[in-house]
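Just below is one structure, and these are the notes that go with it.
The values are calculated or read from the model by the stated rules, or taken from the named source; none is laboratory data. Bear in mind the structure is a predicted one, so any value in this text is a computation, not a measurement. Backbone-built Cβ (ideal geometry, glycine too); neighbour counts: all protein chains shown.
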Amino acid sequence: MTTTSRALPLAALGAAFAACYALISHAPLRPPTEVAMPEGVSFIPEAAPLYLVMLPAGWFLPLLIRDEARYRACIRATVLAFALTTSLWLLIPTVLLRPPAPDGWLTAPWRLIACYDQPTNVFPCGHILAPTISAWFVGTERTSWRPWLALAWLAGAASIAMTWQHRPIDILAGTLIAGLAIAVCRRMQRS
């Protein structure tokens with residue numbers, strides 16, 4: 001499969017997931033429950049550039065997977081994880097109250113996020129799904145990359161919490177859903 005023939009379905013999936021997220025955000029089936037960030041989590045809007053790099057990275061990493069069966073398992077795991085997460089968003093709508101960002105050019109990226117990414121669908125964190133799944137499948141093939149993938153994943157997960165996109169519990173729940181999807185699709189891959 002060529003890079004283009006892989007990139008187009010990934011872009012289509014990403015667009016479909018974003019549309020689904022937006023639809024549920026703007027038209028929840030019932031009023032969302034307000035949740036609060038735990039007191040120990042600092043609000044650091046300057047971490048937004050890291051967050052903005054992590055999101056597309058999760059969608060581009062699968063292009064680096066050489067083995068076709070592993071690539072398909074990665075895509076299936078992403079679809080499964082997003083389906084599970086979307087189901088929870090429909091059943092348990094949540095909204096996280098965020099503070100306003102201070103003025104200044106360092107916080108401009110966060111203000112951009114705040115304009116377009118409403119603080120809804122908080123539990124579980126959907127932003128961690130593609131980065132987790134992609135990093136896992138790339139790391140199984142490119143073992144020397146594992147430390148760098150793990151470090152990038154940790155930095156990305158931290159940026160989600162520091163920008164108050166999701167609480168740590170939401171990130172953990174999203175990571176567990178991604179792990180479940182990985183396990184299911186790896187088992188299917190071996191069958």
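So the values come out like this:
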| read-out | value |
| --- | --- |
| Selection status of ASP170, out of contact with any Ser or Thr (no Cβ under 6 Å at 6 or more places or on another chain), part of a helix (DSSP H, G or I) and of a type in the set (Asp, Glu) | yes |
| Elements of type helices (runs of 4 or more DSSP H) in the stretch 1-105, at least 1 residues being buried (at least 17 other Cβ atoms within 10 Å of the Cβ) and in contact with a Lys or Arg (Cβ under 9 Å, 6 or more places away or on another chain) | 48-60, 68-91 |
| Number of the condition not met by ILE24 [criteria: (1) under 23 Å from VAL122 (Cα atoms); (2) among the β-branched types (Val, Ile, Thr); (3) at pLDDT 90 or above] | (3) |
| Condition met for ASP170 (among the charged types (D, E, K, R) and surrounded by fewer than 22 Cβ atoms within 10 Å (Cβ to Cβ)) | no |
| The stretch 82-100 residues that are farther than 17 Å from THR175 by Cβ, paired with ones that are surrounded by fewer than 11 Cβ atoms within 10 Å (Cβ to Cβ) and of a type in the set (Lys, Arg) (beta carbon under 7 Å, 6 or more apart) | PRO93/ARG30 |
| Within the stretch 109-152, tally of residues that are over 23 Å from LEU13 (Cα atoms) and among the hydroxyl-bearing types (Ser, Thr, Tyr) | 2 |
| Unique match (being farther than 22 Å from LEU23 by Cα and either without any contact (Cβ under 8 Å) to a residue 12 or more places away in the chain or out of contact with any helix residue (DSSP H, G or I) (no Cβ under 7 Å at 6 or more places or on another chain) (or both)) among LEU154, LEU149 | LEU154 |
| Residue in the stretch 1-19 that is closer than 30 Å to ASP103 by Cβ and of a type outside the set (A, V, I, L, M) present | no |
